[in-house]
Amino acid sequence: MSVRIVTDSSADLPIDLVDQHQITVIPCYVVVDDQTFKDGIEIKPDDFYVRLQSEGRTPTTAQPTVADFQAVYQDLVGQGHQVISIHVSAKLSGTYNSAEQAKASLEDSSQVEIIDSKLASIALGLAVLDAAAMVAGGTDFQEVANKVRRDLGRHHGLFALDTLEYLKKGGRIGKAQAFMGSILSVKPILKLQDGEAHPVERPRNRERAMRRLIELTQDLGPVERLAVIHSTDPDPLALLKQELSGLLPVGQIIEARFGSTLGTYIGPDALGIAVTQAAS
């Protein structure tokens, strides 16, 4: 039996890495002006961010359905694969619950392992890549699942937002609520911790926010994997990669983009960095 990795579109993995590692990505849904789209398939980031910043109704998101997961699991298990399904934090989305319900409906649920990553966006993506690398290296099904769970604490995500407005509107503000009193004229930095967004710092301008992102990431070294991500402005990524080249060579740093699922909450002009810390 071979092992296949499944995740959801909130992982924000670049398509070339998805294809390279034969990762199955189940799209989340985004509702824009009463139209429902499959993230990354029926609506692309450029179109989404134009709509996000228009005068229309604030977009909302929805997790993949139980039927979406059933179709993928039945197909992969029917082909003789075992499945490790790694998903966005259960505190942020109902995706994990949909996956669990789908697994419970299978005739042989022992062939599917579902993992709540307690992560989101490209930090989740790095956990998925970690699993894919273990599969490629010949690690067996149960050990891959066990090791992914054990290593979740090695994956970190830091995000510099232009505004908390979208996070607040979307109801995903979490512990970052502590920053709401100073929402004006700051570029808040958040981190993923215990499955939700936590406040880190509130720099006064974008330049300072970038500098602190870099410094906070350097503090997490040494690292095995590193990714930089943006929503609408890719120009800062080259600088971020250059400044972080002491952690990994520039050519090994992944460039990604927030899709519409995460974009609904982090908004335009957002930047992020994710790392997988080296095992101690």
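Here, each number is a calculation from the coordinates, and none is a lab measurement. As the structure is a prediction and not an experimental result, all values here were calculated from the model. Ideal geometry is used to build each Cβ from the backbone, glycine not excepted, and the neighbour counts take in all protein chains shown.
For the stretch 154-277, a crude dipole built from +1 on the beta carbon of Lys and Arg and -1 on the beta carbon of Asp and Glu, taken about the Cα centre, is about 280 debye to the nearest 20.
By DSSP, the beta bridges lying fully in the chain are antiparallel in about 60 percent of cases.
In order along the stretch 212-219, the Karplus-derived 3J(HN,Hα) couplings, from 6.51 cos²θ - 1.76 cosθ + 1.60 at θ = phi - 60°, round to 5, 4, 5, 5, 5, 5, 4, 5 Hz, and Gly and Pro are given as x.
Of the trypsin sites (Lys or Arg not before Pro) found in the stretch 24-67, those in coil by DSSP whose Cβ has at most 15 other Cβ atoms within 10 Å are R57. Straight-line cross-link reach from K147 at under 19 Å between alpha-carbon atoms covers these lysines, not counting any fewer than eight positions away in the same chain: K118. A cut-off of 5 Å between modelled amide H atoms, ignoring neighbours fewer than 5 places along the same chain, links E201 with I189. Taking DSSP loops as anything outside H, G, I, E and B, show the longest stretch in the chain free of GluC sites (Glu not before Pro) there with at most 10 other beta carbons within 10 Å. Between the exposed loop sites, the longest stretch runs 108-280. The peptide list 247-253, 189-195, put in order of mean Cβ contacts within 10 Å with the highest first, becomes 189-195, 247-253. The HN-Hα couplings worked out from phi for the stretch 66-80 by the Karplus form 6.51 cos²θ - 1.76 cosθ + 1.60 (θ = phi - 60°) are 4, 5, 4, 5, 4, 4, 5, 4, 4, 5, 5, 5, x, 7, x Hz, whole numbers, x standing for Gly and Pro.
Kirkwood analysis of the stretch 1-137, using all unique Cα-Cα pairs, places the hydrodynamic radius at 15.4 Å. For the cross-link pairs K187/K241; K103/K187; K103/K241, the ones whose C-alpha atoms lie over 31 Å apart are K103/K187; K103/K241.
Between V83 and R4, V112, E113, the built amide H atoms are under 5 Å apart, and every one of these is 5 or more places off in sequence or on another chain. Largest first and in whole Å, the equivalent-ellipsoid semi-axes of the stretch 154-277 read 23, 14, 14, each the square root of five times a Cα gyration tensor eigenvalue. Distances between placed amide hydrogens fall under 5 Å for S231 paired with F258, D269, A270, all partners being 5 or more residues away or on another chain. Estimated from helical segments only, the mean residue ellipticity of the chain at 222 nm is -10000 deg cm²/dmol, where each DSSP H run of four or more residues counts as -39500 (n - 2.57). Sorting T61, T24 by the number of Cβ atoms found within 10 Å of their own Cβ, with the fewest placed first, yields T24, T61.
Counting only aspartates and glutamates at least 8 places from K191 when in the same chain, those with an alpha carbon closer than 16 Å to its own are D162, E201, E215, D219.
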